[in-house]
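Participant: Mind having a look at this structure? Questions to follow.
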Amino acid sequence: MKKSGEDSNDNRKQAPEPSLPSWRSVQMAGPSSQSAVGSISRPPMLGGKTGSASMLSSNNDVIDKSSFFKAAATSESKQSAAGPKTTGDDANVKSNWNPIQIHPVPAFYPLERSSRVVAEDFAAIAERLSEANRVLSVHADYDDATASAHLTTSEGVEMHLSLWKTTGQGHKQGIVVELQRRKGDSIAFHRYSRFILDAAVGDFDPEQHVSTNGTDLDLIYSNKIQRMLTMEQKDAANDEENAIIALEIAHGLLMKDRMDARRLGLESLCLLTDPNKTGADTAFLASHVVLLGCTPDDESKQEGALVFNDAPFREIRETIISLIQLRRIGEGEGFDDTPHSETEEHITGLHNLALAVLANALDCIENEEGQDSEPEEVHRKPRARTESAASICDSLLNHANDSTKKELMSTLINELSKAENKPHNACLSAKSIGTLCRASDEARKRAKELGAKNVVQTALEVGTRTHLKLQTECEKVAEVLTRVESDDQQE
């Protein structure tokens with residue numbers, strides 16, 4: 001019996017051990033282990049096998065990401081030593097974008113629908129795209145090493161432009177021009193993308209575009225809307241009341257402590273001060289509020305007419321001046337302008353919108369007579385004209401100096417000096433400087449003392465190379481300052 005018990009114990013000891021799970025691993029880059037992995041066939045794609053050892057190894061399942069841009073970095077150092085190159089038939093014309101090398105479309109990379117395949121040399125394509133960005137006044141930050149560019153429009157739409165090389169079997173050989181929307185209004189993005197992609201394939205004529213549409217892309221659609229508005233019978237009293245209500249709503253948004261509400265309020269003011277989008281009467285009233293902090297005095301008002309409180313309008317003017325001069329709203333602390341600041345992106349957008357509101361308001365006051373002469377079949381009551389453009393500009397400059405202890409003209413000239421990095425802000429500043437100098441003798445004198453002519457000349461060179469709107473506004477300012485100097489010499 002004892003022996004049989006011992007045998008049963010021995011049997012339990014010899015029970016099989018439980019099996020362990022087996023694991024499979026994939027190497028991303030390792031030449032020594034490539035032979036151990038089998039070859040798997042792939043479906044045809046644009047970014048198929050290139051045959052280059054620096055891009056993909058002989059094994060299709062191992063992607064060497066570390067050496068993807070290695071060749072570009074080496075070529076970039078050689079190109080920098082050789083100096084900038086020229087493209088096109090005219091060797092004297094330098095393109096703003098000179099890609100060194102075009103990379104194939106990466107494996108498993110989904111191309112955007114906003115892309116084109118062009119069977120042409122990449123240097124000619126880059127030159128056409130660079131010229132289109134200049135004519136459309138799109139700020140472009142080009143990267144020659146990766147054949148890409150970061151684009152920013154005046155509306156704040158951010159896009160990414162890339163050039164790729166097609167090498168897949170069964171696909172058209174050429175250069176892929178891809179445009180991605182990273183931020184901003186999708187409708188504005190598609191408006192710009194059509195022109196940019198047309199330029200890539202050679203269907204965009206810069207001279208014809210400027211002669212047909214001018215420098216303002218929004219003006220094409222604004223004119224159509226304006227013609228529709230003029231066909232309707234409008235009541236001037238209701239228009240004024242609606243404009244006042246809209247300004248009070250914008251004031252309420254500006255006074256909130258949320259960044260999105262403040263941005264929405266400034267965008268509303270941009271629309272209200274633009275006569276091409278809201279009409280001449282509404283734009284004049286809103287511009288008067290922005291520049292003077294009150295509604296225009298209307299001598300034709302009868303007894304019983306609505307009386308509005310001007311306190312919100314004064315706060316609107318203070319907010320615009322504070323954002324332009326001090327980069328803040330009210331008495332709060334200023335925002336840090338460092339690139340990695342948490343609120344830097346928000347305050348930069350608010351600062352740009354404030355410059356746009358000021359430029360629109362000044363332009364509306366200056367061109368008031370031209371807007372009045374436009375034929376409109378409307379029941380219009382007499383518009384108040386108690387102050388001239390010169391007195392409004394002088395009042396704005398004096399109030400800005402008293403409230404912020406900084407000169408508004410000096411701030412605008414300083415903004416214009418940053419045209420290389422912030423051409424959109426520089427364009428708006430040049431527009432405001434031009435209006436102030438044309439309307440006010442004191443503004444012209446102060447601009448001359450602050451050395452505006454040299455700053456304008458430098459910004460004009462930047463605009464000539466990269467930004468058509470900036471070039472146009474700087475030419476207007478330079479003409480005014482030159483005329484002032486000639487008049488002083490004659491006296």
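Please treat every number below as a calculation from the coordinates, not as lab data. Just so it is clear, the model here is predicted, and its values are computed rather than measured. Note that we place each Cβ from the backbone using ideal geometry, even for glycine, and neighbour counts take in every protein chain shown.
Participant: What's the extension gain from ILE187 to GLU461 if we count 0.36 nm per residue and subtract their Cα-Cα distance?
Facilitator: 95.5 nm
Participant: Roughly what would the spin-label model give for GLU112 and ASP257, points 7 Å off Cα along C-beta, in nm?
Facilitator: 3.8 nm
Participant: Follow-up. Give, in nm to one decimal, the length gained when the segment between GLU449 and ARG328 is fully stretched (0.36 nm per residue of separation minus the Cα-Cα distance).
Facilitator: Numbers: separation 121, 0.36 × 121 = 43.56 nm, distance 2.75 nm.
Residue separation times 0.36 nm, minus the Cα-Cα distance, leaves 40.8 nm.
Participant: Additional query: Taking 18 Å as the cut-off for C-alpha to C-alpha distance, list the pairs among LYS256/LYS406; LYS431/LYS469; LYS406/LYS476; LYS406/LYS431; LYS448/LYS476 that go past it.
Facilitator: Pairs exceeding the cut-off: LYS256/LYS406; LYS406/LYS476; LYS406/LYS431.
Participant: Can you give me the distance in nm between label points at LYS418 and THR343, each placed 7 Å from the Cα along the Cα-to-Cβ direction?
Facilitator: In this crude label model, LYS418 to THR343 measures out at 1.7 nm.
Participant: How much net charge surrounds ALA426 when only other residues with a Cβ under 11 Å from its Cβ are counted (Lys, Arg +1; Asp, Glu -1)?
Facilitator: Neighbourhood net charge equals +1.
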